[in-house]
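The values are calculated or read from the model by the stated rules, or taken from the named source; none is laboratory data. Everything numeric here is computed off the predicted structure, so don't read it as measured data. Every residue, glycine among them, receives a Cβ derived from its backbone with ideal geometry; neighbour counts consider all protein chains shown. Note: accessible area is taken over every heavy atom of the protein model, side chains too, but ligands, DNA and RNA are not part of it. Shrake-Rupley method; radii C 1.70, N 1.55, O 1.52, S 1.80 Å.
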Amino acid sequence: MTALWDLEEGSVRDVLSQLAPERGLAYTSAATILRILDEKGFVTSRKKGKTLIYKPELAKDAYQTRSLQNLSAKLFDNTPATLVARLVDDAGLSQESLEEIRALLDRRLRDASG
């Protein structure tokens, strides 16, 4: 998706050209991923000759929100606190990152209370 957002629209080959070569993603794998994203409504596609051109349907922040909600539902039984706890406990976060998370939570709590 990041490559497609950067391109604004493109074919499977266009998307592959944006990825690091060491990623080693095969054309067929990339095509399958884009087809699934199309089926799920994350991207749209149109024919240009024999080639499908894909375009992001969702902005990056909307995609992140939806993906995180799906992750929370599937892996963390719809309990966001468990997701955050796993992130904080297992990610080896730096003191700086933890302070950023605390500041975000403090701001969110302030906004919610008034």
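Annotations for the structure displayed:
- The chain - mean residue ellipticity at 222 nm from DSSP helices (-39,500 (n - 2.57) per run, n ≥ 4, rounded to 500): -19500 deg cm²/dmol
- Plainly put, the chain has a radius of gyration that is 1.08 times its Kirkwood radius, both from alpha-carbon atoms, as the Rg/Rh ratio.
- All Cα pairs of the range 30-96, percent lying beyond 15 Å: 66 percent
- What you get for the chain, charging only the Cβ of Lys and Arg (+1) and of Asp and Glu (-1), is a dipole of about 640 debye around the Cα centre.
- Surface exposure of the chain, expressed per residue as accessible area with a 1.4 Å probe, stands at 75 Å².
- Of the solvent-accessible surface of the chain, computed with a 1.4 Å probe over protein heavy atoms with every protein chain present, carbon and sulfur atoms account for 51 percent.
- Once the Cα-Cα distance is subtracted from the 0.36 nm per residue extended length, the residue 73 to residue 48 segment shows a gain of 5.3 nm.
- Listed peptides 21-27, 79-85 by packing density, highest first (mean Cβ within 10 Å): 79-85, 21-27
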